[in-house]
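Let me begin by presenting the structure, written as structure tokens, before commenting on it.
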Amino acid sequence: MAPTPSSKVVLESTGTESADRVADVLLAFSQSDRALGVSELARRLDLSKAVVHRILQSLSSRSIVQPVTGESTYSLGPAAIGLGTKAWSQLDVRSIAAPILRRLRAETRETATLSVLVGHRRVYLDQYESPQEVKMVVEIGPQYPLHSGASSRAILAFLPQHYADEAFEELSGTTPDTDRSIFLSRLAEIRDIGYGTSINERNTGAASIAAPFFDAAGHVLGSVSSSGPAFRYSSTADDDHAVHAGQVLAAAHAITQSLEARATR
């Protein structure tokens, strides 16, 4: 039997309300700096625990959220990270950064890269290759952990503490002798001087200097790096290193300023 006009209105209203609730749950995760549980989401969104639980089960079945091992909380899952990557590709941060990256490459004669934070991972969004014969070239798209490499740590240093804790645990799983105090002190140094460095960290013969960029609210979005073969970085004089680091910092700051200006339009 076909629904009456009045019942059709009720069905459409219920569907819209359900969609709103799912959207609110997803926005709560995107705006949180930690995993969230059913009770907290229900309280924040003024929903029943039963409704929140059903939404989380549905999102979890599609890998949009995932339960945190050993806890009664959820975090964003791999499918949400994939959506984040797609969203970044559709935003204009790449076009904003393009002339700045080209200028950085011209100044340093090394490969200039743009990385963005996607979930709890980092992704290269763009690069401008060095004009030199021996150079570093990155792959656009794959996800990298936040615990290793200058581009990753430049982002991690400005994220909430639980990101650093998670990154250290992940690193410890592959490198058990990692010292937590040293790991955290490197992040503190990045916050102090504004940039991070790495030399032959993954045994690839590469080195880089990276600095973070931020949105208008001061949230870290990603990092800019100048990367090349380790031998050109390890042999660099202190004064040259300071100039090189200053150029990377200036590039990251220029992207931040451009994003702030765009937000106020």
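FYI, it's all coordinate maths here, none of it is from the lab. Note that the coordinates shown come from a computational prediction; the quantities given were computed from them, not determined experimentally. Virtual Cβ from ideal backbone geometry, glycine too; neighbours counted across all protein chains shown.
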Order of GLU169, GLU17 from fewest to most other C-beta atoms within 10 Å?
-> GLU17, GLU169
What angle, in degrees between 0 and 90 and rounded to the nearest 10, separates the Cα long axis of helix 93-108 from the longest principal axis of the Cα atoms of the chain?
-> 10
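Just want the ordering: ASP177, ASP20, from fewest to most Cβ atoms lying within 10 Å of their own Cβ.
Values: ASP177 5, ASP20 11.
So the ranking, lowest neighbour count to highest, is ASP177, ASP20.
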Could you point to the label whose value was computed as Kirkwood radius over Cα pairs in Å for the structure here, given (i) 19.2; (ii) 20.4; (iii) 17.8?
-> (ii)
Highest GNM mean-square fluctuation among SER151, SER48, SER226, for the chain with Cα springs under 10 Å, belongs to SER48
Rounded to whole angstrom, the alpha-carbon centroid of region 112-145 lies from that of region 39-54 at a distance of 39
Assuming R0 = 35 Å, can you tell me the calculated FRET efficiency for the pair ALA98 and ASP177, based on Cβ-Cβ distance, to the nearest 0.05?
-> 0.25
Relative contact order of the chain, pairs being alpha-carbon contacts under 8 Å that are 6 or more residues apart, as % | 14
Residue order, fewest to most surrounding Cβ atoms within 10 angstrom, among THR175, THR111 = THR175, THR111
